[in-house]
Amino acid sequence: MSKKIEVKNLYKIFGSKPKLALKRLKEGWTKEKILKTTGQTVGVNNASFTVDEGEFFVIMGLSGSGKSTLIRCLNLLNRPTAGEILIDGEDIVKYDRQQLREFRQNKVAMVFQNFGLFTHRTVLGNVEYGLEIRNINKDKRKQIALEALESVGLKGWEDKMPTELSGGMQQRVGLARALANNPDILLMDEPFSALDPLIRRDMQIELLEIQSKLKKTIIFITHDINEAFKLGDRVAVMKDGKIVQQGTPEEILNNPSNEYIEDFVKSIDRTKVIKAKNIMKRPNALVSIKDGVRVAIREMQTNHISSVFVVGENMQLEGIVTIDDCVEAIKNKQSSLKALLRHDYYKTTEDEYIENLLENATKSRYPIVVVNDENKLLGIIVRTSILSGLLPYNSN
Amino acid sequence: MQVKLKKHSFPELIKFDPGMYIEALVDWLILNFQGFFDALTDVIKWIVFNIQDGLSFIPWFLFILLIFLLGWKLKSFQSGLGYAMMIMLIGLIGLWEDMIFTLAIVITSVILSIIIGIPIGIFSAYNQKLEALLKPLLDGMQTMPSFVYLIPAMIFFGLGTVPAVFATIVYSTPPCIRLTSLAIQRVPKEMREAAYAFGSSRWQALVKVELPQAMPTIMAGINQTTMLAMSMVVTSSMIGAKGLGENVIIAINRTDIAMGFNSGISIVFLAIIIDRLTQMISKKYEHV
Ligand SMILES: Nc1ncnc2c1ncn2[C@@H]1O[C@H](COP(=O)(O)OP(=O)(O)O)[C@@H](O)[C@H]1O
Ligand SMILES: [Mg+2]
């Protein structure tokens, strides 16, 4: 994977004397003190991070922590006070006016919190905007825009005005407008924060689908830790203009680097972050389909369990057998496991959130089994490990 | 008991006469820019007469029909009918030709006000210094009694139509500038940013986003400009502009109540029609 975005020691200070504030900041003054004594607002304070091509990078933080300021530096809606922003290896801060326009037209597109739609244009007119700016001819841009609208599920709405649409649909227009330009990078500043929770969930899922299809590099801002951890390959946490921690959701969840992040992590609904793969374990006991009933019984007895999963070649999941069935089979002088296989267990994939496993875990008599696309057994989840997964800071 | 109050008067020793400087400025302008003013006079005359010709070319019944159709289309059948009757009445009173002349002056002034006002409004929306500079100037243009600038107007442009147009422009352009500037400044921040985020040039952002967004307010400004231009009709006639205002002046001189009322009511009718029609047009530009 190649580096798409590289931000190095980025500062953004609002006010009339940014250089002075920058000097104070580097001397170690706090954001608060600088505001009090110099009247300058520190937006971003020495932020550095890299984002790989195709990565979903989330920036999270409380309101006022500088998230918008930071993301707006990435298309120079905010001009940084100091620092470098390398995109595909080029420092965009050094671009002249023309280069900047071309960069914005071709490489990045932005989705706004309050949609930023042009209310005097139709839905189609909105989606066409970026193409129109690039002087792409009418037929072509209409065709591209219609495709973009279809990809966000808004086929047939092109002649409506944005204000006739619901919030969720308006943001779909915002997304289509960004996608129509076919940018490498999508900048999304709290795109779903204005939406109600149900619509928000749909949009998150849809965005992930679009991402898996188009492989865009996405910078996504949110103040909601659940959203951050659900969407992000990696997450950066901001406070007072600084990035205080960055890493994968699991890393941050299990090792919050300071109190601020701990507070965040406490507010999280862990069932929505932790996936099956995080809590599954290798089964102690397993029998092969080729083994007989007696082997299965011994396996269960030594492990003090009342059922065991049966696999074929290459760990292909065949089914489960219970101790009762096996004992019964011995009485009837049966020795093959095939006839005893049961299938009333619950099966899941490793990326499933435990939120969706809870109910089945309590209902099912057997452990939940985790398989991959080829039905290969990867692990099992017993009820106790789901419950312990919900406890904060499990120490392994 | 009587208390004697001592009267204080402003000392006569210190004196400042700003009017002198303005007079000097006007003299200087005349001396150096006479050619420019002559050319300007010709242009304005040309516009007024062409508009007047165009309007006179339309037969009266067609004119009334047109007003009716406009009113009907933009508002309602009844309104159209009402406007048509008002225009008809002006004709019946016998002031048709005067009305045409008044219209020609008003239309010319409004067109020129728009041509001057909208670009200035746009620039001042972007430029805070210009805005700060313009504010007192615009206030002055509207509150300074118009007779005061009729004097230099006459010196620059002679008597009659052209100084009337000039005075009308001075008086009626401010709302066009103000509302254009306000409208552009009020374009939602995210919308403007969206325009730039997609790589628009300043011109593209202005033409494709800011102006269309600002249009309803700009149209409201144009409506106000038109109404102010109408209110200058009588003043204009004091320096010899023909039209409905002229009749008012004559009526005052003759203390002719009937004539005064006739021309007065004609001005009112014309103003109402213009106001309603421009209001309806500006409503068409509204998008929530
Ligand atoms: N244009 C601006 N002028 C002055 N201060 C600003 C401006 N934009 C943001 N700020 C300040 O910068 C800080 C970070 O703001 P912002 O990036 O909008 O935070 P977030 O998006 O995380 O809520 C805040 O203190 C805010 O007041
Ligand atoms: Mg923000």
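The values are calculated or read from the model by the stated rules, or taken from the named source; none is laboratory data. Note that the structure is predicted; figures quoted are calculated from it, not measured. Ideal geometry is used to build each Cβ from the backbone, glycine not excepted, and the neighbour counts take in all protein chains shown.
Look at A:Leu149 and say whether it is in contact with an Asp or Glu (Cβ under 7 Å, 6 or more places away or on another chain), away from every other protein chain (no Cβ under 14 Å) and touching a residue at least 24 places away in the same chain (Cβ under 8 Å). Judged against the criteria, A:Leu149 is a match.
Residue-wise test of (1) assigned to a helix (DSSP H, G or I); (2) within 9 Å of chain B (Cβ to nearest Cβ); (3) buried (at least 17 other Cβ atoms within 10 Å of the Cβ).
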position: A:Gln105; (1), (2), (3): yes, yes, yes
position: A:Asn114; (1), (2), (3): no, yes, yes
position: A:Lys140; (1), (2), (3): yes, no, no
position: A:Ala145; (1), (2), (3): yes, no, yes
position: A:Met169; (1), (2), (3): yes, no, yes
position: A:Val173; (1), (2), (3): yes, no, yes
position: A:Ala176; (1), (2), (3): yes, no, yes
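Scanning segment A:190-231 for residues that are within 16 Å of ligand 1 (Cβ to nearest atom) and closer than 22 Å to A:Ile274 by Cβ returns A:Phe192, A:Phe220, A:Thr222, A:His223, A:Asp224, A:Ile225, A:Glu227, A:Ala228. With respect to being part of a helix (DSSP H, G or I), aliphatic (A, V, I, L, M) and surrounded by 19 or more Cβ atoms within 10 Å (Cβ to Cβ), A:Leu100 falls outside the description. Exactly one of (1) within 17 Å of B:Ile122 (Cβ to Cβ); (2) in a helix (DSSP H, G or I) is unmet by B:Thr226. Its number? Evaluating B:Thr226 over (1) within 17 Å of B:Ile122 (Cβ to Cβ); (2) in a helix (DSSP H, G or I) leaves (1) as the failure. Is it true that A:Ser63 is in the same structural domain as A:Asn226 (by TED's automatic domain parsing) and buried (at least 17 other Cβ atoms within 10 Å of the Cβ)? No, not satisfied.
Looking at segment A:192-199, can you tell me whether even one residue there is touching a strand residue (DSSP E or B) at 6+ places or on another chain (Cβ under 9 Å), of a type in the set (A, V, I, L, M) and touching a residue at least 60 places away in the same chain (Cβ under 8 Å)? Within segment A:192-199 (the criterion being touching a strand residue (DSSP E or B) at 6+ places or on another chain (Cβ under 9 Å), of a type in the set (A, V, I, L, M) and touching a residue at least 60 places away in the same chain (Cβ under 8 Å)), the answer is no, since none of the residues qualifies. The helices (runs of 4 or more DSSP H) found entirely in segment A:1-96 that carry 2 or more residues being within 15 Å of ligand 2 (Cβ to nearest atom), of a type outside the set (A, V, I, L, M, F, W, C) and within 14 Å of chain B (Cβ to nearest Cβ) are A:67-73. Of all residues in segment A:118-133 being assigned to a loop (DSSP other than H, G, I, E, B) and among the polar types (S, T, N, Q), which is farthest from the other protein chains (Cβ to nearest Cβ)? Here the answer is A:Thr122.
The listed residues are A:Val111, A:Val127, A:Val123, and the only one of them that is touching a Lys or Arg at 6+ places or on another chain (Cβ under 9 Å), more than 30 Å from A:Thr50 (Cα to Cα), of a type in the set (A, V, I, L, M) and touching a residue at least 12 places away in the same chain (Cβ under 8 Å) turns out to be A:Val123.
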